[in-house]
Structures are given as structure tokens and as C-alpha cells.
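Input: a single structure, listed below in C-alpha cells.
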Amino acid sequence: PTRPKDIHLRVEPRELATLPRDFRGRHGVGMRVALVPRSAPVPMRPHVPGHEYPRLGGITMSQLNIPGQNEKANAMLPARVAIFSAAMAVAYPLLLTVCILRAVFMRTTKGTPSQILQKGTYNNAHLPDQHYTCQLLFDKPLEEPRLRAALVELCAEDGITEDQIDLSFEDATPASWPATGSHRMNAYLPAAIGEDDSYVEYWSSRGKSGKVVRLHVFNAKAAGEPTVVLYAGSINAWDGSSNFNFVKQLMCRYAGESPQTVFQSALSPDITPAAAATLDAAVPFALYLAKMPLNLAKSLGGALWNAISAQPRFGGNGFGFKLCAMNLDKEESRALYNGAKALGVSPFACFTWAGVRACKRVLGYQPKRIVQQASLQTRHFPVEGQGDQRDLVGDWLVGPVQYVGDVDYDLPQAQASYADLRAELDALGPRTCASLAAKAWGVVNCGAAPFECVPTYNDDAHVFDKTIFMNNYGVRTMPEEVGFRAWNWNAPLWLGINTINVNGRTTTLVGSCMFGLEVAEALRDEIEAALREVIAKGREVPAEEASAVPTYRGV
């Protein structure tokens, strides 16, 4: 029995299309019912731009279906265990044999990590149909002749021929700007992308083309309206930030600026002697082999268990890449920067803190670790005269692990971990070296994170199990005249948080392949709620003391 005064009823002003199919009635009516103790805050989902969202409350949202945490999952536990055990029995010994043989082959024939990764990568050739995909937004139409000429010229400088390029100007016109920067990924292209889908499904539906670089442009009818570019770059030859740098150089040439030499294949910077010595001394080969059985068991086991639990027959929401956006405007981005500054922390720390807090509140537990994506190019593979510019295109990716554990992961802890990350990268610390060794002696040795995503990656990353895959490209620029508005990409593994600030706007995607779209959105909403606490702090900073988000022409 429940007393009326103990019941909360809230009507959500959401369009019917945003509700899950299970909640849609015969007559187009959607209803969600959740009984919450009066003492607990009522969960709210942010949908209005600029609204100061209250805290969503430290409870698992009762209307969400969390894989592995429901009656069906519990009832199917014996079946899940049986399938998991059978899969591990077959896959583990096979993959362990492959890992050992590959490591021994690489060590005996190619050498130490610094020798294999002399250029920062190994075997990073362009492969057809192997793509880094994302969505770009502009606020004016793009001109096909200018863009095509710039694209063909730029690609040729890295050995990509014109017949390996797919540049298409599509007939569909994007929808107008959504009411909020937190939206589903079909907001601009509802006819081309399904309701629960994103650019991932768009490219999958197009099938193999044999191309290396693909851009599909959906032009606005007039300036001020959104132009959408769905981009598919080289995932094997270029790391993630290099794909951004490729598009930046493309836009610079499109805007009429002088061409710059940006490709790793042309500049060919080597690892510094000091970095090489540090790296090779940090990871003895015997130690690398010794930790391989446990790392493989944890990585493969976590991936299999969560993939099984994600299946609807076992109480999950389906296994697949599900993404949602969280794009801030310039005012919000500036307030976030100043709020972080006032709190004595970095924006990176704000995102990791928000991500951990979101997991705890939505899922009921914290992640164990955060894999932090970073490029070592400027630090340990410098080009003479480069300075602090970060515009090169190639592969220098590394992913040192930050451990979260069971501590109260507050903002000071997040900032301390960020400071540790910077020290790790500057000095080639043990976790950075462990990631590089796993890249060098592993089965996959290059690209925009594929080497980290396979279970054979011999480091304590385990990206498909209680791990935030955190990627912050930092502060970047595009030519103002092209009208660039957003770079949206994600690695939706267990939980991916990918963010960047371009020309003063912080744009972010949150995604997962394990939880389904509704849970990913709830995590996004909690992350946004946390960041809006920082934004509110930034708005308290007096105007004469507030700073613009720093921008650097070459960064």
C-alpha cells in the first residue's frame, strides 16, 4: 500500500519519437511509471538548453533496464554462465597461443618496443574500408568543386589516389538546429539515420566501397542552417587526433590558406634517444610474457560476459554501438572552462569526475579504470621547429591506464589523476611504457585505437569491462570562414566519453556497446548534470576576471 502523498507524478515534455517503442501505446501515447520514495529526489532528464538541471539523485533510475541487474538476467544466470564458460574454454587457449607466438615473433625479428615503434607505429598502411567515423557540423553550405580539389590534393600527399576517395554531396537537407545540444544522433538526418542509430549504422548500411577516405555532405539550403558531413577516415594509418588534423588541413586549403606539410610519411619523425632508452628499460620481455595470461583472461572474460549479458534474451538491451550527443555552445563552454579554473581543476578532470559519478548513480557502481587516449608526437617524436603545434597526421597513439578503484572519486582526485597523466606522458612513466609495449609486441600495432580494443592487447586496459574510454582532443581550431560548429566522434566500448573544444565550443559524444541507447542517454544526462555544476560555478566568476577558452592557431 502506498499513500498518495508518497507518490510523485511528473509529465515529461518529450516528443513521442524519443520514447522507446515499448512505451508507445496504440494511439500514440507514451507513459512511464516509476514509484520513488518521497525522500529521494525525482530523476530529471535534461532537454532544455541553458536550463540549470538539478542533481538527478544518487539512485539507479527505476525506469532503466540495466543489463545484468534485472529479474530476467538473474533467472538466466545459469545459461549465461554456461555460454560464457564454453566460449572461454574455446577462445582463451587459442588466443593465448596467438598472443605468445606473436610476441615472440615481434621480439626476435623486430626487436624492442622502441625499435618497432621507432616512428610511433608499425604497419600503419591505409586499408580500404577500414574507417575512423564521425559527424561534422557546419553552419553554412560547402562548395563541391573547392572541397573536391582540396581533398584530392591533400590525399595524394599521403599516397591516397583519387579512386580511393568517396566524396558525395547528398540530396537530403539536414533538419534545423535541435532545441538542445543533448540529442540523439539522427537529429539532423532523420531520413538517413534511424531513430536509435548514428553515423555508425549509416556507414554500415552503405557497405564496402574499397575507399580509404569518405565524406558524405548534406548541405544546408542557406547560411546559418546546419550542414552535416559524415566522415570516414583512415583508422589504420592515422590515430584519432590525426583524423581531426587531416580534416583541419583540408578545411584550411578549402579556405584558401597555404598548404602545410603534415603527414608522418613525409616528415618521418623518430622517437628521441632518451625516450627510446626509457621505454626499452621499463618493460622486460619476460615480464611482458608473464602478465599475458591474466591480462587476456580479464580482457576476454569481461568482453564475453558483458556481451552475453547485453543480449535481450538474457535481460539486456542488445549489443551494438549506441551514441548520444552533448554539445555546448560558446557561452556554456566558456563557463565550463572558468568554472574548472575557479575550482582549481582542468576540464579533463571535470569529464573524468563526471563520468565516474554518472556510472555510480546510473549503474550503481564505479568503473575500475579509465583508459586515457593521448598522442606522444610532440613529446617524444618531435619535428624540428614544430614548437607547440599539434597539426601532424599519422599515428603516435598511446593509452595509459588511470585506476579508479573504490575511492571517493571527487574533483580533487580527478585532478590529481590528470596531473599524474601529464607526468606519465612527459616522462614516459610505467603505465605509458606498458601501453607502448603492448602496442609494439601485440597482434595489432597501429591506428586510432584498434590495437587497444582487441582482447589480445596485453595491458590492464580491458576496455569492454568497467572501463571508461576517455578521449579528449583538447583545444583545437578550424578556419573561422568555413563555419565549423562540431566534431562528434566516439569509441562506444563499455563507456566512451569523447570530447573536444573547437573554436570555443566543447562538443562531446557519450556511447556504449553494452548498455543500449536509453542507458547511454541516462549516463550522458548525469555527466551533463555534473558538468553544469561546474558551468554554474563559472557563471559566478566576475566578467572582468573570466577568461576565454584559450585557442592556439596550431593546436
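The values are calculated or read from the model by the stated rules, or taken from the named source; none is laboratory data. In this text the structure is predicted, and so the values were computed from the model without any measurement. We place every Cβ from the backbone using ideal geometry, glycine too, and count neighbours over all the protein chains shown. Surface areas here come from the heavy atoms of the whole protein model, side chains and all, with no ligands, DNA or RNA. Shrake-Rupley method; radii C 1.70, N 1.55, O 1.52, S 1.80 Å.
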Exercise. Looking at SER547, THR121, GLY355, which one has the Cα that reaches farthest to the positive end of the dipole of the chain (charges on Cβ: Lys, Arg +1; Asp, Glu -1)?
Worked result: GLY355
Problem set entry | Pairwise centroid distance, computed over Cα atoms, of segment 389-438 with segment 296-313, Å | 26
Seminar exercise, completed: Once Lys and Arg are counted +1 and Asp and Glu -1 for all other residues with Cβ under 13 Å from that of ASN124, the total becomes -1
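Of the beta bridges DSSP finds with both residues in the chain, what % are antiparallel, to the nearest 5? Don't skip to the end; give the middle numbers.
Details: 37 of 54 bridges.
If I count the DSSP bridges inside the chain, around 70 percent turn out antiparallel.
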Exercise. What's the center-to-center distance, using Cα atoms, between segment 344-360 and segment 62-141 in Å?
Worked result: 25
For this session: Run a plain Debye calculation on segment 177-274 (Cα atoms as equal point scatterers, no solvent) and give log10 I(q)/I(0) at q = 0.11, 0.18, 0.20 Å⁻¹, rounded to two decimals, same order as the q list.
Result: -0.48, -1.07, -1.20
Exercise. How do ARG357, ARG524, ARG102 stack up against each other in accessible area, from largest to smallest, with a 1.4 angstrom probe?
Worked result: ARG102, ARG357, ARG524
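Which value does Rg/Rh take for segment 260-368 over its C-alpha atoms, Rh per Kirkwood? Present the calculation step by step, with values, prior to reporting the outcome.
Values: Rg = 21.5 Å, Rh = 19.6 Å.
Result for segment 260-368 is an Rg/Rh of 1.10.
Could you work out the local net charge near THR173, counting Lys and Arg as +1, Asp and Glu as -1, over the other residues with Cβ closer than 13 Å to its Cβ?
Details: positive: LYS221; negative: GLU170, ASP171, GLU225.
Here the count lands on -2.
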Seminar exercise, completed: the chain, convex hull of Cα, quarter of hull surface, nm² -> 27.4
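Filter the chain for me: DSSP H helices, axial length by Cα at least 27 angstrom, mean Kyte-Doolittle hydropathy not below -0.5. List them by residue number.
On the way: long enough: 77-109 (45 Å, 1.47); 517-539 (31 Å, -0.04).
Span-like helices, by this rule, are 77-109, 517-539.
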Exercise. With all protein chains present and a 1.4 Å probe, how do LEU436, LEU267 order by accessible area, largest first?
Worked result: LEU267, LEU436
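Quick one: ranking ASP239, ASP460 by accessible area, 1.4 Å probe, largest first, what do you get?
Working: ASP239 5, ASP460 30 Å².
Sorted by accessible area, descending: ASP460, ASP239.
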Exercise. From Cα coordinates alone, what are the radius of gyration and Dmax values for segment 313-429 in angstrom?
Worked result: 17.3, 58
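Plugging the Kirkwood radius over Cα pairs into Stokes-Einstein for segment 418-537, at a temperature of 4 °C and a viscosity of 1.567 mPa s, what D comes out in µm²/s?
Value of D from the Cα-based Kirkwood radius: 79 µm²/s.
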Problem set entry | Area accessible to solvent at HIS216, 1.4 Å probe radius, in Å² | 10
Problem set entry | Bins of 10 Å from zero: percent of alpha-carbon pairs in segment 112-204 | 12, 32, 30, 19, 7, 0
Exercise. Roughly how much of PHE285 is accessible, in Å² to the nearest 10, using a 1.4 Å probe?
Worked result: 50
For this session: Per DSSP H run of at least 4 residues, take -39500 (n - 2.57); add these up for the chain, divide by its residues and hand me the 222 nm value, nearest 500 deg cm²/dmol.
Result: -11500 deg cm²/dmol
For this session: Find the accessible area per residue for the chain; the probe is 1.4 Å, ligands and nucleic acids are left out, and the unit is Å².
Result: 41
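Percent of accessible area on the chain owned by carbon and sulfur, 1.4 Å probe?
Values: 12890 of 22720 Å².
Percent of accessible area from carbon and sulfur atoms in the chain: 57.
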Exercise. With respect to the cross-link table entries LYS248/LYS322; LYS211/LYS368; LYS221/LYS330; LYS208/LYS248; LYS110/LYS368; LYS248/LYS291, which display a Cα-Cα separation exceeding 31 Å?
Worked result: LYS211/LYS368; LYS110/LYS368; LYS248/LYS291
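Can you give the % of DSSP beta bridges in segment 476-537 that are antiparallel, to the nearest 5? Mind showing how you got there, number by number?
Working: 7 of 8 bridges.
Among the beta bridges of segment 476-537, antiparallel pairing accounts for roughly 90 percent.
Starting from the Cα-Cα distance between GLU144 and GLU384, subtract it from 0.36 nm times their residue separation and give me the gain in nm to one decimal. Before the final figure, lay out the partial values.
Working: separation 240, 0.36 × 240 = 86.40 nm, distance 3.58 nm.
Additional length available on full extension: 82.8 nm.
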